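*Asks:* Quick one: structure below, then a few questions.
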Amino acid sequence: MPLSPPAPRTARHVRRVTYQGYERDDGLWDIEGELHDSKAYDAPVHRGEGMRRAGEPIHHMLLRVTVDRQLVVQAIDVAMDAHPLKDCPLAQAALQQMVGCSMTRGWRQAIQKHLGGVASCTHLRELLFNLATAAFQSVTAVFAPPANGDPPRHLNQCTGWAFDGNGVKEHFPQFYGRVPIALSKPETTASPDER
């Protein structure tokens, strides 16, 4: 079903993001992401180097993240074919700090810890955030229940996979109706001023 008809408008910016997952012959997986930003009109280049034509990239960045079946990062390759500032490529080296990190719970926190702020690039971080979802869709083993009897990681993480929902009832009936384990919060002691 398409979106409702829009109000009259003029195109200004185009961002294309794609992800692809590949099973390698060595048992690892390559998940690739590509981000391409362009304007829908001719515009001056930031560095005063003339005009950037409509459709020419402002950002064109590519990532290849190699993971194992548990979604632990084994290697990262990065390319910046187009970027607005001359120092942008300096952000690439920091991505190697993500090797050894897991794309399961805590992925976004690991990205922020290793690549946050000026440590890396906003656009590369954005590609990494959602690359984990593409990895989950590619490496189907992550959807299997763990051997210890716990539910698969994706259950109770969205409406469709709610423990009390039809998706779990139909595909993982052994976990249907399960009550999620509440995260325990450490007790805090009130300061003398709060008493």
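*Asks:* I need every pair where a residue in region 4-32 that is touching a residue at least 24 places away in the same chain (Cβ under 8 Å) and in a loop (DSSP other than H, G, I, E, B) has its Cβ under 8 Å from the Cβ of a residue that is of a type outside the set (S, T, N, Q) and open to solvent by 100 Å² or more (accessible area, probe 1.4 Å), sequence separation at least 6 or different chains.
*Replies:* Cβ pairs passing all conditions: Gly27/Arg69.
Condition check ((1) touching a helix residue (DSSP H, G or I) at 6+ places or on another chain (Cβ under 8 Å); (2) at pLDDT below 95; (3) β-branched (Val, Ile, Thr)) across all residues:
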| residue | (1), (2), (3) |
| --- | --- |
| Glu23 | yes, no, no |
| Asp30 | no, no, no |
| Leu35 | yes, no, no |
| Met51 | no, yes, no |
| Ile58 | no, yes, yes |
| Leu62 | no, no, no |
| Leu71 | yes, yes, no |
| Met98 | yes, no, no |
| Trp107 | yes, yes, no |
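*Asks:* Still on this structure, please answer the following. Taking region 31-47 only, how many residues are open to solvent by less than 20 Å² (accessible area, probe 1.4 Å) and of a type in the set (D, E, K, R)?
*Replies:* 1
*Asks:* Can you name the residue in region 132-159 that is touching a His at 6+ places or on another chain (Cβ under 8 Å) and under 19 Å from Cys101 (Cβ atoms) and is also modelled with the lowest pLDDT among such residues?
*Replies:* Only one residue fits best here, namely Val142.
*Asks:* Mind telling me which of the residues Asp77, Asp150 ends up being closer than 22 Å to Val17 by Cα and either assigned to a loop (DSSP other than H, G, I, E, B) or open to solvent by 50 Å² or more (accessible area, probe 1.4 Å) (or both)?
*Replies:* So the residue among Asp77, Asp150 that is closer than 22 Å to Val17 by Cα and either assigned to a loop (DSSP other than H, G, I, E, B) or open to solvent by 50 Å² or more (accessible area, probe 1.4 Å) (or both) is Asp77.
*Asks:* Sticking with this structure for a sec: Condition first: over 17 Å from the mean Cα position of the chain (by Cα), under 17 Å from Ala91 (Cβ atoms) and open to solvent by 40 Å² or more (accessible area, probe 1.4 Å). Now tell me which residues in region 48-74 satisfy that.
*Replies:* Pro57
The values are calculated or read from the model by the stated rules, or taken from the named source; none is laboratory data. In this text, all values refer to a predicted model and were calculated from it rather than measured experimentally. Cβ atoms come from the backbone with ideal geometry, glycine included; neighbour counts cover every protein chain shown. In case anyone asks, the SASA skips ligands and DNA or RNA and just uses the protein heavy atoms, side chains included. Shrake-Rupley method; radii C 1.70, N 1.55, O 1.52, S 1.80 Å.
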